[in-house]
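A short worksheet on the structure shown next.
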């Protein structure tokens, strides 16, 4: 990730309600206030779990991750910030009808603040949906989930922050034996700056429709401010969310795939393929949502 201009970093830290750490000595380069950390697993056919950590004295503000090399039959099951918000865990599991080697990439956006963010969570054992809410006056800057259910029977198709960034809704489609379905939120206080209004808002992409898989839906470019957590919704039979790519200084994007799609998948920017198994009346749609902070003078 490219280093941010100093003024932009100071604005972002102030908007987060952050108190900066003591300045580095004049001869030393200052640590970046916001970083993007990333780890990728090995490649084989078994279930994968990747842990990615923030640098010392910084906290997880958003979690991202995706599956590399799937043909739609490997499902993302965990995008979980740790309780202490120092790290996050991303997991994926193959269906029993999958024999394709794959890997998993995990991401976190980390920010240095004296006042840490807080994690909230909520779990259902039998339901297909669950919501988690940030306490006022905080807003939700990061989202996550964990599905402890059979991937042959269940799939995640919604991680949807509301328009006020006060809560996030998680939905899993499927049937049969239940298990824990947990939604996570990362909450923090945002404040206005002298002479500026700090806009904390939900951004969205243009809906991506049609019968091509995987689907990629990038947020509109963010020219001033920061992008934190990424959520999304996808519709269409057998479709599921299998990628949330964080780009704090860019657009950010989500990816969706289909269990019965027909060819390989390498990374979030892989060219789409056409699935021949869609019914004539079906028009699957993917929409991405992001938590953003923008400043307006």
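Going through the range 86-103 one residue at a time, which ones are crowded, with 21+ Cβ neighbours inside 10 Å and either more than 19 Å from residue 147 (Cα to Cα) or over 18 Å from the mean Cα position of the chain (by Cα) (or both)? 94, 102, listed by residue number. Exactly one residue among 112, 78 is crowded, with 21+ Cβ neighbours inside 10 Å and at pLDDT below 95, and that residue is 112. Of these, 250, 294, which one is under 21 Å from the mean Cα position of the chain (by Cα), under 30 Å from residue 185 (Cβ atoms), at pLDDT 55 or above and not in a strand (DSSP E or B)? That would be 250, the only listed residue that is under 21 Å from the mean Cα position of the chain (by Cα), under 30 Å from residue 185 (Cβ atoms), at pLDDT 55 or above and not in a strand (DSSP E or B).
Give me a count of the residues in the range 115-126 that are over 19 Å from the mean Cα position of the chain (by Cα) and at pLDDT 95 or above. Can you show your working first?
Pass one, the range 115-126, residues over 19 Å from the mean Cα position of the chain (by Cα): 115-116, 124-126.
Remaining after also requiring at pLDDT 95 or above: 124-125.
So the count comes out to 2.
Does residue 89 count as at pLDDT below 95 and either touching a helix residue (DSSP H, G or I) at 6+ places or on another chain (Cβ under 8 Å) or not in a loop (DSSP other than H, G, I, E, B) (or both)? Full working, then the answer.
Values: at pLDDT below 95: no; either touching a helix residue (DSSP H, G or I) at 6+ places or on another chain (Cβ under 8 Å) or not in a loop (DSSP other than H, G, I, E, B) (or both): yes.
It is false that residue 89 is at pLDDT below 95 and either touching a helix residue (DSSP H, G or I) at 6+ places or on another chain (Cβ under 8 Å) or not in a loop (DSSP other than H, G, I, E, B) (or both).
Picking from residues in the range 167-202 that are in contact with a strand residue (DSSP E or B) (Cβ under 6 Å, 6 or more places away or on another chain) and assigned to a loop (DSSP other than H, G, I, E, B), the one that is modelled with the lowest pLDDT is 192. Across the range 105-155, what is the number of residues that are over 14 Å from residue 166 (Cβ atoms) and in a loop (DSSP other than H, G, I, E, B)? Total satisfying the criteria: 16.
Among residues of the range 75-94 that are under 15 Å from residue 184 (Cα atoms), those with a beta-carbon under 7 Å from a residue that is at pLDDT below 95 at least six positions away or on a different chain give the pairs 85/116.
Which ones in the range 215-237 are modelled with pLDDT of 90 or more and more than 17 Å from residue 287 (Cβ to Cβ)?
In the first step, residues of the range 215-237 are kept if they are modelled with pLDDT of 90 or more; the result is 215-219, 227-237.
If the condition is that a residue be modelled with pLDDT of 90 or more and more than 17 Å from residue 287 (Cβ to Cβ), then 228, 237 are the ones that fit.
The values are calculated or read from the model by the stated rules, or taken from the named source; none is laboratory data. Fair warning: this is a prediction, and the values are worked out from it, not measured in the lab. As a convention, Cβ positions derive from the backbone with ideal geometry for all residues, glycine included, and neighbour counts pool all protein chains shown.
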